């Protein structure tokens, strides 16, 4: 009887060990299957994003066929016509969505001049940009002076700024300001702001100003307002600029920004789109938006110098999405 009991216990132990091993193998296989599934979705999402870039190129190629109101009914019936027409007229295309297989392509085509050129901003422009970004006013002087010192040719710091010798050379590791030694220089990317004294990541991309603080200031950031593309100049494409960018222009408040967007999109009382409502130039903008009549002469004159309608550089953002897995590709196109 004792032998039978010992054998039973031994068998139970063997079964228990096997059960643990089998469970371990099953768990490993489950994890590996999920990893493989994620990688497969990631690859599919990347190729969907690549397909989105080709989709954008196709739309841009078709803009050459569009003349406007004289276009034939056959041309207007093409599935790409409306989107290509918007690009022809200088508009941005945001959130264009298409299905391909089991995935989705989300496409944004934005003229770079729809953003403020960081290298063309005056101190007054910066104040409006920082205000729209939600950055507290007590930081403005340091941020603006430090930005100016970073780009300028001299090595003398402004009141609240910083130059190489008095600040950047003393950091660990040390580095030099972009402009120094008698040579001025522009920023290559907006991320370069994070190298400049006073600039913190939440100021650029949004989030709590103080990490971990729950009751402090939460910033929207300024990254979505800016470009460092060297071919854009200071003018803003008024047909493509979003509301937040419009609010950075002199004399433009919420009411005026909404009026500009409503007029350029040509929405009728019934909510339909009236074709060909894009602005042709600054004077056309001022003539068609009555709300701009209340601007003071200084803001009006400055606005006229900043308003443009041309876009020689487009930013294409293509997102491929497969069952919750996303891949993003960004490209610039020079027309």
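The values are calculated or read from the model by the stated rules, or taken from the named source; none is laboratory data. Note that the structure is a prediction, hence the values are computed from the model and not measured. Quick reminder, even Gly has a Cβ in these numbers, built from the backbone with ideal geometry, and neighbours come from all protein chains shown.
Some points to look at:
- For the range 174-194, a residue qualifies if it is surrounded by 15 or more Cβ atoms within 10 Å (Cβ to Cβ) and not in a loop (DSSP other than H, G, I, E, B), and the qualifying residues are 180, 190, 192, 193.
- Residue match in the range 98-107 (condition: at pLDDT below 95, under 23 Å from the mean Cα position of the chain (by Cα) and within 25 Å of residue 207 (Cβ to Cβ)): no
- When residues of the range 207-233 are limited to those that are in a loop (DSSP other than H, G, I, E, B) and without any contact (Cβ under 8 Å) to a residue 60 or more places away in the chain, the one farthest from residue 331 (Cα to Cα): 215
- Taking the range 134-146 as the range and being under 23 Å from the mean Cα position of the chain (by Cα), on the phi < 0 side of the Ramachandran plot and surrounded by fewer than 22 Cβ atoms within 10 Å (Cβ to Cβ) as the test, the residues that pass are 136, 140.
- Exactly one residue among 24, 5, 68 is in a loop (DSSP other than H, G, I, E, B), over 21 Å from the mean Cα position of the chain (by Cα) and modelled with pLDDT under 85, and that residue is 68.
- Test: residue in the range 297-310 that is in a strand (DSSP E or B), in contact (Cβ under 8 Å) with a residue 24 or more places away in the chain, buried (at least 16 other Cβ atoms within 10 Å of the Cβ) and more than 18 Å from the chain's Cα centre (by Cα): yes
- From the list 34, 86, 40, the lone residue that is modelled with pLDDT under 95 and either over 29 Å from residue 324 (Cα atoms) or touching a helix residue (DSSP H, G or I) at 6+ places or on another chain (Cβ under 9 Å) (or both) is 86.
- Residue among 255, 234 that is under 23 Å from the mean Cα position of the chain (by Cα), surrounded by fewer than 16 Cβ atoms within 10 Å (Cβ to Cβ) and over 23 Å from residue 83 (Cβ atoms): 234
- Every residue from the range 147-162 that is buried (at least 18 other Cβ atoms within 10 Å of the Cβ) and farther than 15 Å from residue 119 by Cβ: 157, 161, 162
- Qualifying positions in the range 71-118 - assigned to a helix (DSSP H, G or I) and more than 24 Å from residue 308 (Cα to Cα): 73, 74, 75, 76, 81
- Test: residue in the range 218-228 that is more than 17 Å from the chain's Cα centre (by Cα) and modelled with pLDDT under 85: no
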